[in-house]
1. Please indicate, with yes or no, whether at least one residue in the range 25-34 is in contact with a Leu (Cβ under 7 Å, 6 or more places away or on another chain), surrounded by fewer than 18 Cβ atoms within 10 Å (Cβ to Cβ) and under 18 Å from TYR93 (Cβ atoms).
2. Which condition does VAL158 not pass, out of (1) touching a helix residue (DSSP H, G or I) at 6+ places or on another chain (Cβ under 6 Å); (2) modelled with pLDDT under 80, if it passes all the others?
3. Answer yes or no: is there a residue in the range 86-93 that is over 24 Å from HIS8 (Cβ atoms) and either of a type outside the set (S, T, N, Q) or outside any helix (DSSP H, G or I) (or both).
4. If you take the residues in the range 70-104 that are of a type outside the set (A, V, I, L, M) and touching a Phe, Trp or Tyr at 6+ places or on another chain (Cβ under 6 Å), which one is surrounded by the fewest Cβ atoms within 10 Å (Cβ to Cβ)?
5. State the number of residues belonging to the range 112-126 that are closer than 20 Å to PHE150 by Cβ and either charged (D, E, K, R) or surrounded by fewer than 17 Cβ atoms within 10 Å (Cβ to Cβ) (or both).
6. Criterion first (assigned to a strand (DSSP E or B) and either buried (at least 20 other Cβ atoms within 10 Å of the Cβ) or of a type in the set (A, V, I, L, M, F, W, C) (or both)) does THR4 satisfy it?
7. Can you run down the residue pairs with Cβ atoms below 7 Å, 6 or more apart or on separate chains, where the first is in the range 116-138 and part of a strand (DSSP E or B) and the partner is charged (D, E, K, R) and surrounded by 14 or more Cβ atoms within 10 Å (Cβ to Cβ)?
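The values are calculated or read from the model by the stated rules, or taken from the named source; none is laboratory data. Just so it is clear, the structure is predicted and the values come from calculations on it, not from any experiment. So basically every Cβ, Gly included, is an ideal-geometry build from the backbone, and we count neighbours across all protein chains shown.
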Amino acid sequence: MIVTLKYHVPTTPSIAGEVICSPAFNDAIERERQEFVSTRYELLEQTDAMILFDVITDEYPRTMTGSINRRKILTSKNRKSYDVKKQRLHWTYTGQGSGIADVSGLLQLLPSGEATDVVHEITIKVKIPVIGEWIAGFIAAEFKKSITWFDRVLQDQVQRRRQSGACCLENATRVTDWLDRAGDSPEQIDCK
């Protein structure tokens, strides 16, 4: 199953890409989820052409009925690879249900005048026959609900960047420059 979400951001694709790759944005996105406990950002590799990072989240698992089990904590990982030139972010999810479903996505930043159209294509493949379609539908519905807060967080982070430059790569050419200025290790940032 493929789910496509679209929204519009009043900034250039390069600035939107900087924001989407920033620790602040990824922490804010994870905090919006009901299952959130804590998250950390790990920069794995960066060149002029790409940024590879993990967003590792401790979260409460979902039960078979979709409710949240607050008595247990699981760890999930989103591996994200951003192609600077093509302004595309590929991601894969590993965590609860990874043995049952493969969830990945492609987020494209397309120029639209002075702004950016964000097209987020999410691929959900469930490995269980018969009820797999139902499970994929449930996962797709959760992503569709997330579009409002994803868009809101992106708009907020872009606005913060405009106002102060403190949320991402203002006056920096690389994520590590921003991390160094923030006083944190470029390899890992804990955001609890």
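1. Within the range 25-34, none of the residues are in contact with a Leu (Cβ under 7 Å, 6 or more places away or on another chain), surrounded by fewer than 18 Cβ atoms within 10 Å (Cβ to Cβ) and under 18 Å from TYR93 (Cβ atoms).
2. The number of the failed condition is (2).
3. yes
4. It comes out as ARG70.
5. 6
6. So THR4 fails the test.
7. Qualifying pairs under 7 Å: LYS125/ASP102.
Conditions (1) in contact with a helix residue (DSSP H, G or I) (Cβ under 7 Å, 6 or more places away or on another chain); (2) part of a loop (DSSP other than H, G, I, E, B); (3) at pLDDT 85 or above; (4) not aliphatic (A, V, I, L, M), marked per residue:
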residue: ASP27; (1), (2), (3), (4): no, no, yes, yes
residue: TYR41; (1), (2), (3), (4): yes, no, yes, yes
residue: LEU52; (1), (2), (3), (4): no, no, yes, no
residue: ARG70; (1), (2), (3), (4): no, yes, yes, yes
residue: LYS77; (1), (2), (3), (4): no, no, yes, yes
